[in-house]
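Visitor: Have a look at this one.
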Amino acid sequence: MGIINTILGTPLGFMINLAYDLTGNYGVAIILFAVVVRLLLFPLIVIAHNNSIRFLRLQPELEKVKRRYADDKERLGEEQYLIFKKGRYSPLMGIVPLLLQLVIIVGVMQVLLNPPPVDLMFLGLDLGDVPSIASPSIALLVPLLSGLAATVFCLVQNAISPATLTQSRTTNLGMTIFIVVLSVYLGLMLPVGVGIYWIMGNLLGIIVVLVLNVTLSPKKLAPEAMAHIESNRKSPEELRKLRESKERIRQREKVDIKRFKEAKKQLVFYALSSGQYKYYKNIIEYLLENCDTKIHYLTNDEKDAIFKMGNPKIIPYFVSQKKSISLMLKLDTDVLVTTVPDFQSYHMKRSIVRDDIEYIYIQHTIASVHMTLREKALDYFDTIFCVGAHQVAELRRREQLAGLPQRRLVKAGYGVYDQLAESYKTLSNNSNNGKPKVLIAPSWQADNILDLCIDDMLESLLGNGYDIVVRPHPQYIRFFPERMNTLVERYSDYTDVGGELAFELDFAGNDSIFTSDILITDWSNIAFEFSYCTLNPSLFINTPIKVMNPNYEQYNLEVLDISLRDKVGISVDLDEISNLSNSVAKLLGERGNYREQIAAVVDEYLYYPGRNGEAGGKYISRVLVDKCENATPYSNS
């Protein structure tokens with residue numbers, strides 16, 4: 001404590017004593033000292049205030065990346081860091097003034113624990129006295145006033161300070177409780193003089209917040225962000241319903257976790273969302289017909305369509321992604337099947353309860369994986385279902401480069417293709433006899449065509465005799481509804497009944513895919529699914545490519561996402577968008593020439609067209625053969 005007193009107590013004591021010499025009253029000296037401290041800290045508070053306004057301005061961009069990388073915490077952190085750097089925002093700047101005040105309080109405490117030989121009485125209070133609940137006195141007013149001043153300060157700050165406007169009400173309430181409790185605690189545990197200093201600091205803090213709100217108003221300096229915050233504020237009734245909904249989901253999750261833990265499981269499918277069922281569909285249907293083993297289906301989506309199937313052989317469970325981490329760590333089953341990569345590399349880990357679980361990965365891309373997935377994404381799976389020979393080559397090359405043991409690579413084909421192809425065959429009218437139909441179906445990755453060039457594309461295409469359908473990615477609508485609504489509103493004049501433009505926002509069916517003559521996309525795999533299925537060509541816009549594995553060139557293998565673009569259609573650079581209509585017309589004119597070429601691509605790059613369920617189902621049946629007596633052992637390299 002001697003060192004602290006020397007470093008803090010001595011200089012602060014000198015300042016308070018100087019104030020005492022000027023005022024002749026130690027209580028007034030402490031108040032004057034608090035004012036001086038606040039004035040000295042004011043430039044730093046202004047810097048912190050401006051820093052918070054920068055953060056306000058960054059909110060729209062931050063919300064975009066939060067939505068886009070909601071399931072990729074590492075990438076989210078990287079993107080946020082880049083945004084902060086670009087916007088010159090420092091996450092630590094906001095707490096610097098508070099930390100300095102706490103340091104000063106320690107110094108003031110040292111002064112009053114070793115008071116100078118002067119009169120310490122102020123308004124009937126002994127400034128060196130420590131309030132005590134055991135011995136009640138007027139000194140107990142100090143912690144009460146300290147808590148009250150802190151409460152008022154927090155309420156004012158929460159209402160108008162840019163540092164709190166971007167935080168949830170729950171977060172602000174938590175901080176308010178913390179600061180009020182801290183203020184009362186300091187008032188009870190430290191000399192009365194320290195409490196008076198803290199009360200004065202909070203009162204002066206209220207004045208500072210009000211002054212800054214007028215002189216450096218967030219509404220004037222960050223109007224768009226403030227308007228966005230205001231429009232998204234929830235009413236008390238909405239907050240009540242939200243709390244009730246969260247509680248219902250929490251209770252449901254609690255029940256399902258208990259059921260999942262208690263169930264005797266042989267086979268578990270794991271999905272992040274309802275949309276992932278399509279990758280499992282054919283295999284599950286084969287297993288339901290040919291295997292007696294029950295399927296335990298774990299999903300992170302409380303609205304997953306799996307809950308409406310009502311098949312007694314499928315037992316669904318809803319568990320949030322966060323709670324799934326601990327379930328996976330203690331998983332007890334024979335086989336886990338998933339299309340979620342990065343097991344063991346990130347949050348989801350292999351079981352520590354059993355080391356003989358077979359972890360099977362099902363591809364959710366028809367093209368290459370060595371560029372579109374992280375380099376270690378599939379390293380810890382025992383078995384990987386491959387769409388075609390290209391994926392086998394990529395995964396074997398990964399094993400060589402990383403010194404990994406050989407995994408079981410199953411020739412499984414692609415279930416989504418099989419489903420689309422079957423639906424296409426059974427569609428009563430899969431040809432468009434009217435105007436040529438152009439389907440625009442982008443990805444939802446950063447720099448997709450809806451964000452970069454949709455207006456230029458539509459300007460080129462509209463008025464040229466096409467029926468145009470814009471079918472955004474479901475995730476785009478989920479994460480960027482306001483952006484989609486703005487786009488639809490902007491082209492409302494073209495979307496009336498009989499108009500040449502339509503926005504398809506309901507993904508219940510695939511008719512737009514089957515009835516289109518050409519598809520336009522960026523880097524979405526829907527192009528290959530469309531072309532493989534209909535044998536019609538696709539047109540690719542060369543937006544910036546998303547590279548998940550920066551070392552993919554070391555594999556010395558072609559990347560189908562790139563090379564197939566010229567085999568199933570043509571590519572157009574962004575600076576050629578103004579001539580997009582000519583490119584579409586050229587491709588439509590050569591559509592007949594592409595059918596045989598695309599059919600050859602399907603034969604070369606797709607295993608077992610139409611038989612994904614059988615190929616994958618038989619493999620799993622073989623693994624579970626001791627429980628599935630009706631399954632026929634199946635060999636698949």
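Here, each number is a calculation from the coordinates, and none is a lab measurement. Keep in mind that this is a model prediction, so the values were computed, not measured. We place every Cβ from the backbone using ideal geometry, glycine too, and count neighbours over all the protein chains shown.
Visitor: Determine the equivalent ellipsoid of segment 1-146 by diagonalising the alpha-carbon gyration tensor, then write out the semi-axes as square roots of 5 times the eigenvalues, largest first, rounded to whole Å. Can you show the working numbers first?
Guide: On the way: eigenvalues 382, 63, 41 Å².
Ellipsoid half-lengths, sorted descending, are 44, 18, 14 Å.
Visitor: I've got another one for you. Can you sort Phe507, Phe33, Phe530 by how many other beta carbons sit within 10 Å, fewest first? Before the final figure, lay out each step's value.
Guide: Numbers: Phe507 13, Phe33 23, Phe530 28.
So the ranking, lowest neighbour count to highest, is Phe507, Phe33, Phe530.
Visitor: Which listed residue (Tyr317, Leu288, Leu329) has the Cα farthest towards the positive end of the charge dipole for segment 279-331, taking +1 on Lys and Arg C-beta and -1 on Asp and Glu C-beta about the Cα centre?
Guide: So the residue we want is Leu329.
Visitor: While we're on this one: Cross-link candidates for Lys64: which aspartates and glutamates have Cα within less than 17 Å, leaving aside residues fewer than 8 places away along the same chain?
Guide: Reachable aspartates and glutamates: Asp72, Glu74, Glu78, Glu79, Glu224, Asp447, Asp451, Glu482.
Visitor: Only sites in a loop by DSSP and with at most 12 other Cβ atoms within 10 Å count here; which trypsin sites (Lys or Arg not before Pro) in segment 44-145 make the cut?
Guide: Details: sites: Arg54, Arg57, Lys64, Lys66, Arg67, Arg68, Lys73, Arg75, Lys85, Lys86, Arg88; in loops: Arg88.
Of the trypsin sites (Lys or Arg not before Pro), the ones in loops of segment 44-145 whose Cβ has at most 12 other Cβ atoms within 10 Å are Arg88.
Visitor: With +1 assigned to the C-beta of every Lys and Arg and -1 to the C-beta of every Asp and Glu, and no other charges, what is the dipole magnitude of segment 408-565 about the Cα centre in debye, to the nearest 20?
Guide: Values: 11 positive and 22 negative charges, 122 e Å.
About 580 debye.
Visitor: What is the extension gain from Gln406 to Arg75, computed as 0.36 nm multiplied by their sequence separation minus the C-alpha to C-alpha distance, in nm to one decimal?
Guide: On the way: separation 331, 0.36 × 331 = 119.16 nm, distance 2.89 nm.
Roughly 116.3 nm would be gained on extension.
Visitor: Where does the chain land at 222 nm, in deg cm²/dmol rounded to the nearest 500, when only DSSP H runs of n ≥ 4 count, each adding -39500 (n - 2.57), divided by all residues?
Guide: Working: 26 runs with 328 residues, N = 637.
Mean residue ellipticity at 222 nm (helix-derived): -16000 deg cm²/dmol.
Visitor: To the nearest 0.05, how large is the calculated FRET efficiency for Ile562 and Leu40 if R₀ is 45 Å and r is the Cβ-Cβ distance? Provide the component values of the computation, followed by the final result.
Guide: Values: r = 60 Å, r/R0 = 1.34.
Once the sixth-power term is evaluated, E becomes 0.15.
Visitor: Then there is this: Looking at Thr515, Met457, Pro442, which one has the Cα that reaches farthest to the positive end of the dipole of segment 427-605 (charges on Cβ: Lys, Arg +1; Asp, Glu -1)?
Guide: It is Thr515.
Visitor: Order these by the 10 Å Cβ neighbour count, fewest first: Val416, Val180. Walk me through the numbers on the way to the answer.
Guide: Working: Val416 23, Val180 20.
So the ranking, lowest neighbour count to highest, is Val180, Val416.
Visitor: Could you put Asp566, Asp447 in order, starting from the residue whose Cβ has the fewest other Cβ atoms within 10 Å?
Guide: Working: Asp566 10, Asp447 15.
Ordered by Cβ neighbours within 10 Å, fewest first: Asp566, Asp447.
Visitor: Let me ask another. Return the FRET efficiency for the residue pair Met548, Arg67: r is the Cβ-Cβ distance, R0 is 25 Å, and the value is rounded to the nearest 0.05. Before the final figure, lay out each step's value.
Guide: Values: r = 18 Å, r/R0 = 0.73.
Given R0 = 25 Å and the Cβ-Cβ separation, E is 0.85.
Visitor: What's the angle, to the nearest 10 degrees (0 to 90), between helix 612-623's Cα axis and the longest principal axis of the chain?
Guide: It is inclined by approximately 70 degrees.
Visitor: Next up: When DSSP beta bridges are limited to those with both residues in segment 427-605, what percentage is antiparallel, rounded to the nearest 5? Don't jump to the answer; show the numbers that get you there.
Guide: Values: 0 of 18 bridges.
Given both bridge residues lie in segment 427-605, the antiparallel proportion sits at roughly 0 percent.
Visitor: Still on this structure, I have one more. With Cβ to Cβ distances under 14 Å as the rule, what net charge do the other residues near Val255 carry (K, R +1; D, E -1)?
Guide: On the way: positive: Arg248, Arg250, Arg252, Lys254, Lys258, Arg259, Lys261, Lys323; negative: Glu247, Glu253, Asp256, Glu262, Glu302.
Around Val255, the surrounding residues sum to +3.
Visitor: Given contacts defined as C-alpha pairs under 8 Å and at least six residues apart, what's the relative contact order of segment 2-231, whole-number percent?
Guide: Working: 250 pairs, mean separation 63.8, N = 230.
Worked out over segment 2-231, it gives 28 percent.
Visitor: Mind listing the long-range amide H neighbours of Gly569? Cut-off is under 5 Å, sequence gap 5 or more, other chains count too, H placed in the peptide plane at 1.01 Å from N.
Guide: Ser538
Visitor: Let me check I've understood the local charge: for Trp444, count other residues with C-beta under 9 angstrom from its C-beta, Lys and Arg +1, Asp and Glu -1. What total comes out?
Guide: On the way: positive: Arg68, Arg478; negative: none.
Local charge sum for Trp444: +2.
Visitor: Here are a few candidate values for Kirkwood radius over Cα pairs in Å: (1) 28.5; (2) 29.6; (3) 30.9. Which one was actually calculated from the structure I just gave you?
Guide: Given (1) 28.5; (2) 29.6; (3) 30.9, the calculated one carries the label (2).
Visitor: Right, here's the next one. Setting aside same-chain residues fewer than 8 positions from Lys322, which lysines have a Cα under 20 Å from its Cα?
Guide: Lys66, Lys73, Lys246, Lys254, Lys258, Lys261, Lys303, Lys330, Lys349
Visitor: When averaged across all projection directions, what area in nm² does the alpha-carbon convex hull of segment 427-605 cover?
Guide: Working: hull surface 44.4 nm².
Over every viewing direction, the Cα hull of segment 427-605 projects on average to 11.1 nm².
Visitor: Given points 7 Å out from each Cα along the Cα-Cβ axis, report the Ile138 to Glu590 separation in nanometres with one decimal.
Guide: 9.6
Visitor: What distance in nm separates the simple spin-label points at Glu302 and Val28, each placed 7 Å from Cα in the Cβ direction?
Guide: Inter-label distance under the simple model: 6.1 nm.
Visitor: Taking the Cβ of Ile138 as the centre, find all other residues whose Cβ is under 13 Å away and add up their charges (Lys, Arg: +1; Asp, Glu: -1).
Guide: Working: positive: none; negative: Asp126, Asp129.
So the surrounding residues net to -2.
Visitor: Just how large is the dipole of the chain about the Cα centre, in debye to the nearest 20, putting +1 at every Lys and Arg Cβ and -1 at every Asp and Glu Cβ?
Guide: Numbers: 67 positive and 70 negative charges, 336 e Å.
Here the chain has a charge dipole of around 1620 debye.
Visitor: So, one more: So what's the projected area for segment 148-283, the Cα convex hull averaged over all directions, in nm²? Numbers along the way, then the final one.
Guide: Details: hull surface 58.4 nm².
Approximately 14.6 nm², given one-decimal rounding.
Visitor: To the nearest 0.05, what FRET efficiency results for Asn464 and Gln251 with a Förster distance of 45 Å applied to their C-beta separation? Kindly include the intermediate steps, with their values, before the conclusion.
Guide: On the way: r = 56 Å, r/R0 = 1.24.
That gives a FRET efficiency of 0.20.
Visitor: May I ask which residue of Gly174, Leu58, Gln80 lies farthest towards the positive end of the charge dipole of the chain, with charges of +1 (Lys, Arg) and -1 (Asp, Glu) on Cβ and the Cα centre as origin?
Guide: Projecting each Cα onto the dipole axis, the largest value belongs to Gly174.
Visitor: Among DSSP bridges having both ends in the chain, what percentage is antiparallel? Round to the nearest 5.
Guide: On the way: 2 of 45 bridges.
Of all bridge pairs located within the chain, approximately 5 percent are antiparallel.
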